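J.: For reference, the structure I am asking about is given below.
Each value in this text was obtained by applying a stated rule to the coordinates, not by laboratory testing. Computed from a predicted structure; not experimentally measured. No Cβ is skipped: glycine too gets one built from the backbone with ideal geometry, and neighbour counts run over all protein chains shown.
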There are 2 protein chains.
Amino acid sequence: MARPSQTEEQSKKLLPIVCEVFSELGYRRTTTAELANRCDVRENILYRLWPDKKAMFLAAIDDIFRSRAEVWSEILADRPAPEQAVERIVKYESQHQGEFGFYRIVFTALTETDDEDIRVALVNMYKSFHQLVCSQVEAGRGSGDLESDLPVEMAAWGLLGLATISNIIRELKLLPPRQRERMFATVAKCLVGGESS
Amino acid sequence: MARPSQTEEQSKKLLPIVCEVFSELGYRRTTTAELANRCDVRENILYRLWPDKKAMFLAAIDDIFRSRAEVWSEILADRPAPEQAVERIVKYESQHQGEFGFYRIVFTALTETDDEDIRVALVNMYKSFHQLVCSQVEAGRGSGDLESDLPVEMAAWGLLGLATISNIIRELKLLPPRQRERMFATVAKCLVGGESS
DNA sequence: CAATAGATTAGGTAAATACTTACAAAACTA
DNA sequence: TAGTTTTGTAAGTATTTACCTAATCTATTG
């Protein structure tokens, strides 16, 4: 008979900020005080939205997959010919990598895998991602000019590995951007099928 | 005119243990107290060997590359035909991955890249590794039956990416060991040249 | 309006943690 | 053996940090 709860809306509003902070600082360096500051609320409020810091992190892991998958589906929204789908995603990834702090969250999570909950969240995320990549590669191949003797699931793992190292290269500036993009595209083509160069 | 210092020997003796702890717990979760416990000394002694915790971590990063490179050179010690060198390393890596906690250290270091010293250590490590892989791939190709239109440096980055994702797969048990090994070998062949399967 | 339940504030706390200090013991050299 | 320097012990400290409590404010509804 009074004020309806808005916790749902508020968590949705704050979650992107939480993601951002975790991906900037990693899990351990991110303090609840810092999270509160960046969200422009008191710590208490965060603790009303999530039971503890770990829950905030788990929410971030889930969200990071969701948002990445969303971007992909936008890229493919105008239903290009399937053989271009892979190419488009590859192009997008080679240029915009790390935009969502995806990998930094993954890296920090990977050093917390002795926590069962975090492990499970990561496993689910990777499985979903692998599946997503698989279906795109499959579609691209089935339709025509992409050919390779590499099984689809293996090519998909290869692509995930490529995306990972490519992000590390970007993070550490091991190659200038252009060169990294070319590297990504070339190796991806080698994995997915089709001529290189 | 008195007792000669043995700090050199002692750091050499303790460094592998330090590496182990950092790779188990990551940088932040590793406390100096835990390091001391595992090394079976008091914290003080660690601080006599290294000025601070970060220095211990940097030493670990350096050591981890050194020990990995050492293992590789042992594998290649009996000078196999160069075209088998890549194959051997690939086989070894596919089976023994993570034995030296290599990737866990890298992952935890990657979330600390806003520290200049750590960034530099990582950059050097990756450059050395890339070079090492390059020279092996090059040797393998130059000598004969491995062929590919993928430039050597790109193939090398691809391999490093493959090793990374393969280690994540192992860490998260995303694939059973055999399947992971086959995946590694197959994708590696695709990158390095030669028929797959 | 008035009552009720949620939203926000501010301050606090117990535990953990990087690093220090003071001192005793042991070992090497002269 | 005496003198000097390294090695080891034990306790301490200032700070940080996850999380809590209690009180005040504010919006919604009968």
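J.: Kirkwood Rh, chain B, all Cα pairs: how many Å?
T.: Details: mean 1/r = 0.0545 Å⁻¹.
18.3 Å is the Kirkwood radius here.
J.: Another one. Let me confirm one metric for peptide B:60-70, namely the mean number of other chain beta-carbon atoms within 10 Å of its residues' beta-carbons.
T.: Per-residue shielding by partner chains comes out at 0.
J.: Among all the aspartates and glutamates, which ones have a C-alpha under 13 Å from residue B:127's C-alpha, if same-chain residues fewer than 8 places away are not counted?
T.: B:62, B:153
J.: Compute the signed sum of charges (Lys and Arg +1, Asp and Glu -1) over the other residues within less than 14 Å, Cβ to Cβ, of residue B:161. Provide the component values of the computation, followed by the final result.
T.: On the way: positive: A:170, A:180; negative: A:93, A:171, B:93, B:153.
Net of charged neighbours comes to -2.
J.: I would also like to ask the following. Please report, for the Cα atoms of the range A:1-88, the Rg to one decimal and the Dmax as a whole number; what are they, in angstrom?
T.: 16.9, 57
J.: A further question follows. Every other copy gets compared here: list the nm distances from the residue B:47 label point (7 Å along Cα to Cβ) to its counterparts, shortest first, one decimal.
T.: With the label placed 7 Å along Cα→Cβ, residue B:47 yields 3.2 nm.
J.: Let me ask something additional. Measure up A:54/B:91; A:13/A:91; B:53/B:173; A:54/B:54; A:189/B:91; B:54/B:173 against 27 Å on the Cα-Cα distance and list the ones that go over. Please list the in-between numbers first.
T.: Values: A:54/B:91 38 Å; A:13/A:91 30 Å; B:53/B:173 32 Å; A:54/B:54 25 Å; A:189/B:91 24 Å; B:54/B:173 31 Å.
From the list (A:54/B:91; A:13/A:91; B:53/B:173; A:54/B:54; A:189/B:91; B:54/B:173), the Cα-Cα distance tops 27 Å for A:54/B:91; A:13/A:91; B:53/B:173; B:54/B:173.
J.: Ordered by packing density, taken as the mean number of other Cβ atoms within 10 Å over each peptide's residues, highest first, how do B:107-114, B:18-25, A:27-34, A:130-137 rank?
T.: Averaged packing, sorted descending, gives the order B:107-114, B:18-25, A:130-137, A:27-34.
J.: May I ask you to compute the full-extension gain from residue A:128 to residue A:149, defined as 0.36 nm times their residue separation minus their alpha-carbon distance, rounded to one decimal in nm?
T.: Extra length from residue A:128 to residue A:149 when fully extended: 5.2 nm.
J.: Quantify how strongly other chains surround peptide B:32-39 by giving the mean number of their Cβ atoms within 10 Å of each of its Cβ atoms.
T.: So the per-residue partner count for this stretch is 0.
J.: Got a sec to turn the phi values of the range A:153-168 into Karplus ³J(HN,Hα) couplings, 6.51 cos²θ - 1.76 cosθ + 1.60 with θ = phi - 60°, whole Hz, x for Gly and Pro?
T.: 5, 5, 4, 5, 4, x, 5, 5, x, 4, 4, 5, 5, 5, 5, 5
J.: Calculated from DSSP H runs of 4 or more alone, at -39500 (n - 2.57) each and per residue, what is the 222 nm mean residue ellipticity of chain A, nearest 500?
T.: The per-residue figure over chain A is -25000 deg cm²/dmol.
J.: What is the angle, in °, between the Cα long axis of helix B:7-29 and the longest principal axis of the Cα atoms in chain B? Nearest 10 is fine, range 0 to 90.
T.: Result, in degrees: 70.
J.: Placing a label point 7 Å from Cα toward Cβ, how far apart in nm is residue A:128 from its equivalents in the other copies, listed shortest first to one decimal?
T.: 3.9
J.: Continuing with the same structure: With labels modelled as points extended 7 Å from the Cα through the Cβ direction, what inter-label distance (nm, one decimal) is found for residue A:34 paired with residue B:55?
T.: Calculated label separation equals 2.5 nm.
J.: If you don't mind, another one. Label-to-label distances across copies for residue A:34, with labels 7 Å out along Cα→Cβ, in nm, shortest first?
T.: 1.8
J.: Related question: How high is the relative contact order of chain B, given as a whole-number percent (alpha carbon pairs under 8 Å, six or more residues apart)?
T.: For chain B, the relative contact order is 21 percent.
J.: Mind ordering A:157-169, B:159-171, A:176-188 by average Cβ neighbours within 10 Å, highest first? Can you show the working numbers first?
T.: Details: A:157-169: 25.1, B:159-171: 23.5, A:176-188: 19.0.
Answer by packing, highest mean first, reads A:157-169, B:159-171, A:176-188.
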